[in-house]
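Quick notes on the structure that follows.
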Amino acid sequence: MSSSLVSPLGRIAVLPSAVADQIAAGEVVERPASVVKELVENALDAGATSVEVDVEDGGKRLIRVSDDGTGMQRDDAILALARHATSKIRVASDLVGVASFGFRGEALPAISSVSMLRIDTAPADGEGTRIRSAAGELLGAEPAARRRGTTVEVSQLFYNAPARQRFLRGARSEWRAIADTLTTIALVRRDVRIVARQDGKAMFTLPPARDLRDRIAALWGGPYAERFLAVDDVSGPTHTCGLVERPADVGLASRRVHIAVNGRAIRDTGLVRAAEAAYRSTIPAGVRPALFLEIVMPANGIDVNVHPAKTEVRFHDRWVLERAVEAAVRRALGTFDSGAMFGRTAWPAAAAPVYGSPPVDVEAMRPAFDADGPLFVDEEPMETGAAPDSREPAAVDEPVPPLLQLRRTWMMFEAGDGVVLIDQHSAHERILYEQFMGALARGDAPSQRLLFPLTLHLTPEEEEAFESNSDLLQKLGFEAEAFGGHSILVHAVPAPHPRFDAERCLRETLASLTGDRFAAVHARHERLAATVACKAAVKAGDALSAGEMRALFVALRDTTLPAHDVHGRSTIVQLGWDELERRFGRR
Amino acid sequence: MRFTISREKLQEGLTAVAASIPTKTTLPVLSNILVEATEKGIRLSGTDLDIAVSTEVAADVEQVGAITIPAKKLSEIARELPPSPVKIASSGEQRITLDCGRSHFKINGLPKDEFPSFPSVKFADSWRVKSGELQKLISHTSFAVSTEESRPILNGVLWELRPEFMRMVATNGHRLAKMEVPVSSSGAPQTSDLIVPPKALEQIRRLFPADEELEIARGENHLGFRSPFTAVYTRLIEGPYPNYDQVIPKDNDRVAICDKIALASALKRMSVIASDQTHRIRLSFNSAILRFSVQTPDLGEATDELPVKYTGDPLDIGFNAAYLLEILRYIPTDEVRLTFKAPERAATLEPEGWSEPGKYLCLVMPLRLVD
């Protein structure tokens, strides 16, 4: 190690630039995939509309990236190999809001320091230059004929760094990393034609795509692309768009997550978590949706100069951004498109649209009003237990299959391809949840005034929960006022179903809302609607009459997400005939 | 035990008792009927531990004794028997033989000791009530009890006995029905408040002929009703009944008088469009017109009109149509008188021009309307 600057003690030396480049290469160039990433990004920064990538032996022997971009003059091309040489920024202030992929001027020198490099470049057809280097040393620069654009050929990666070479994986594994890298880029830069070949074999050819769905279809096939819902939402200066998986499809195919901010693919667990939070109540705990999200936000709200590979960025106001992403995804999930395919297969094929059971039992009331019948109906069986209730409608011609209650917990019926079980509590919870969400949005929940106001004695925490939610509780139909001494007086309550126990529901709701801090309006709505729905729904163990089961079935069918309860558990489980036949040894 | 009974008498007795026998029970003997042969005849009894019914039917008793027999099987057999005298005899403690014409049955039962004893109610201190009056109260009020289990008090009907009248009140907290009839009290003058399960009242209404005098007596926390042949015992619901008088509005100054059938028809029409859950409809009173309207998101809307006699300021008020319809069903007159104070205050419904002695009042709490 020859050194020009050595301290008096001879211990500390400033490293020659070749060594520094090798060290930098450790950050930027880890494996062939990082070379591909740097080179393709350079090509894109050079305005390429078509990028071709050739790889041999997983990139260990050769990586060649050709583009049709602007190309370089001879001198620029030589300078490009010097560290911190970049065409993309000039002064430090350009770093704020930098829009190009690269800008640090590290990539080419770092790559050249650990490989044999050849650059063919031409700013215009026929005016090309060929530059060769090995281990960072310029070997030559001669004119060469080339069409406009640049080809960078990296061979024998890490030939001079055996330690690194040993850490390379097999060709297949390295290729997979390269493919991932190209995929990430392809998803962001859909306008660019991207071709990749491995050992001369075309691995993928992506024509310029109209939109994200087309590109996904080109990458993984049309059916995969169809499982996504479009997200498109603007919140303040933040525009979130992209595709997210339909809740019903989540967990059924490989999960892919790609997030791009201002056209730059990044990794950010916070944003992923925010998007996943939007799925609350629609998918079971533990499964995670595939996400392709693109966020456009003001450049000064983001710092990309955090990581050499630029896969991580820093947001100035992360909280606002995450809320915007969550809201955008949630909006997409709330669309009709989101519900269209849910669990429909679990319903009887013949199920036609049903408009609910008749609201009152008109038939049963008729005898009292027969013109010549007695008005004083003593002969009639007294209907002691019957609260006014549509849940025992007279036989109505609805395509509702016969329902059987099992263990006072599930309703069972026969569908086209098997036996279907519905969890009565989950089902009712889902129905009420959607009702309550509607009521919160419209503020018109029917509120039944009480003859005898309820007095509830609350703990201080419950009282706080009441105070911070009283506006929403009122929208749901609870009219209550503080009564002093940790008590509230309830004058009116919602009346979602005849078995509804308003006092218990309110008490349990307040108990479980203690300590909640949901600032976002929608999150508060959801939390409250889910809590009240859970407390108000019939429980496992409640015996249901045939009419009640029928009404539950019909109402569930009309919900947007019948197959999932508000905790993400399954509401509907189907046991197919094939499975039964297998169990009985019939096949 | 040995006796002979006509098929009709046996069926009559079984029908009276069968309704008190629970269909599902954890205590097997409760699904049995207690058959006791005495010198006077035979007594059949059944209970679900809340309510007990016991009735005596004429029979030719040769040998006294008692046993319990599965009620459902005995009823089914009695229904299918040929029209001949039925001979029943015990063979041992747990089995009977039943002969009728050429039909012959042996049925296993349980010893009578396993049957729960009836509540001790001393009819020595009883008072008397005309069965028909009681039935009138029952049928006009007990429909309004609560079915929801959190407030057991409201699951019962309040029966207030006073020297000059008796009154029944039932409510589920949303609507209330109250009726009182004058009584010519006989027996001990009673002032008593009882909360009776509606199931027991249903038995009273069903079992006793309207013109019968009933003896009624109170035990520790049971109530007994007795006619010469039949007795009904019921558990009472304990606790203070809410102060209903306080919630009955005294100053409702908006009054409407409507034709009951026309009102009910309009309500039924509106109900078709009203929400399944709440049956919410809007009533708008303005001089001589009652306008109905209903809007249900995703379904549609409807309006209707009815000429009424209305005095007071215009009023918009929301109701559960099912509550109104149910009350109208029990209003004994052609016209109904409705009174209101304000959109969030209780409304009352009363028969208009009722000639019978007594007072009947129903009360409904409104539903919130959002404009």
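Computed over chain B with a Gaussian network model linking Cα atoms closer than 10 Å, the most mobile of B:Gly65, B:Gly300, B:Gly46 is B:Gly300. Rolling a 1.4 Å probe over the protein heavy atoms of region B:2-114, with every protein chain left in place, gives an accessible area that is 49 percent carbon and sulfur. Measuring between alpha carbons in the structure, the pairs from B:Lys40/B:Lys112; B:Lys72/B:Lys130; A:Lys539/B:Lys24; B:Lys130/B:Lys250; B:Lys112/B:Lys136 lying more than 25 angstrom apart are B:Lys72/B:Lys130; B:Lys130/B:Lys250; B:Lys112/B:Lys136. A simple count of charges around B:His104, restricted to other residues whose Cβ falls under 14 Å of its Cβ and scoring Lys, Arg +1 and Asp, Glu -1, yields +2.
By the equivalent-ellipsoid construction on the alpha carbon gyration tensor, region B:123-244 comes out with semi-axes of 22, 15, 14 Å, ordered largest to smallest. Beta-bridge orientation, the protein assembly as shown: approximately 95 percent antiparallel, per DSSP, counting only bridges with both partners inside.
Residues of region B:141-175 whose accessible area, computed with a 1.4 Å probe over protein heavy atoms, drops by at least 50 Å² once all protein chains are present relative to their chain alone are B:Thr147, B:Glu148, B:Arg151, B:His174. Shown here: region A:125-249, whose C-alpha atoms stretch 57, 40, 35 Å along the first, second and third principal axes, sorted largest to smallest. Counting only other chain Cβ atoms within 10 Å of each residue's Cβ, the peptide A:495-502 averages 4. Say a paramagnetic label sat at a point 7 Å from the Cα of B:Glu39, along Cα to Cβ; which residues of region B:63-78 have their backbone N under 16 Å from it? Counting only backbone N, you get B:63-65. Sparse packing (at most 12 other Cβ atoms within 10 Å of the Cβ) combined with a DSSP loop state is found for the following trypsin sites (Lys or Arg not before Pro) in region B:114-220: B:Lys122. Annotation for region A:255-276 versus region A:182-236: alpha-carbon center distance of 16 Å. With the convex hull drawn around the C-alpha atoms of region A:217-333, the volume per residue stands at 104 Å³. Can you tell which of B:Gln63, B:Gln11, B:Gln135 shows the greatest fluctuation in a Gaussian network model of chain B with Cα springs below 10 Å? The residue that fluctuates most here is B:Gln63.
Per-residue mean of foreign Cβ neighbours for A:37-44 is 0 (Cβ atoms of other chains, 10 Å radius). Under the combined filter of DSSP loop state and at most 11 neighbouring Cβ atoms within 10 Å, region A:206-266 retains these trypsin sites (Lys or Arg not before Pro): A:Arg210. Its residue count N fixes a reference of 2.2 N^0.38 Å for the protein assembly as shown, and the Cα radius of gyration divided by that reference is 1.38. Percentage of Cα-Cα pair distances in region B:173-303 greater than 23 Å, rounded to whole percent? That tail contains 59 percent of the Cα-Cα pairs. For region A:429-480, GluC sites (Glu not before Pro) are listed when DSSP marks them as loop and at most 15 other Cβ atoms sit within 10 Å of their Cβ; the list is empty.
For region A:162-216, the convex hull spanned by the alpha carbon atoms encloses 90 Å³ per residue.
With N residues in region A:470-587, what two-decimal value do you get for its Cα radius of gyration over 2.2 N^0.38 Å? Working it through for region A:470-587, the quotient is 1.41. In this structure B:Thr311 has an accessible area near 90 Å², from a 1.4 Å probe over the protein heavy atoms.
What the pair-distance distribution of region B:248-364 shows, using all Cα-Cα distances binned every 5 Å from zero, is 2, 12, 23, 25, 21, 10, 4, 1, 0, 0 percent. When the charge dipole of chain B is built from unit charges on Cβ atoms (+1 for Lys and Arg, -1 for Asp and Glu) and taken about the Cα centre, the candidate among B:Ile77, B:Val35, B:Gly132 whose Cα reaches farthest toward its positive end is B:Ile77.
How much net charge surrounds B:Pro307 when only the other residues with a Cβ under 11 Å from the Cβ of B:Pro307 are counted, with Lys and Arg +1 and Asp and Glu -1? Summing Lys/Arg as +1 and Asp/Glu as -1 gives 0.
The values are calculated or read from the model by the stated rules, or taken from the named source; none is laboratory data. Because the structure is a prediction, the values reported are computed rather than measured. Glycine gets a Cβ as well: all are built from the backbone with ideal geometry, and neighbour counts include every protein chain shown. To get the accessible areas, we keep the full protein, side chains included, count just its heavy atoms, and leave off ligands, DNA and RNA. Shrake-Rupley method; radii C 1.70, N 1.55, O 1.52, S 1.80 Å.
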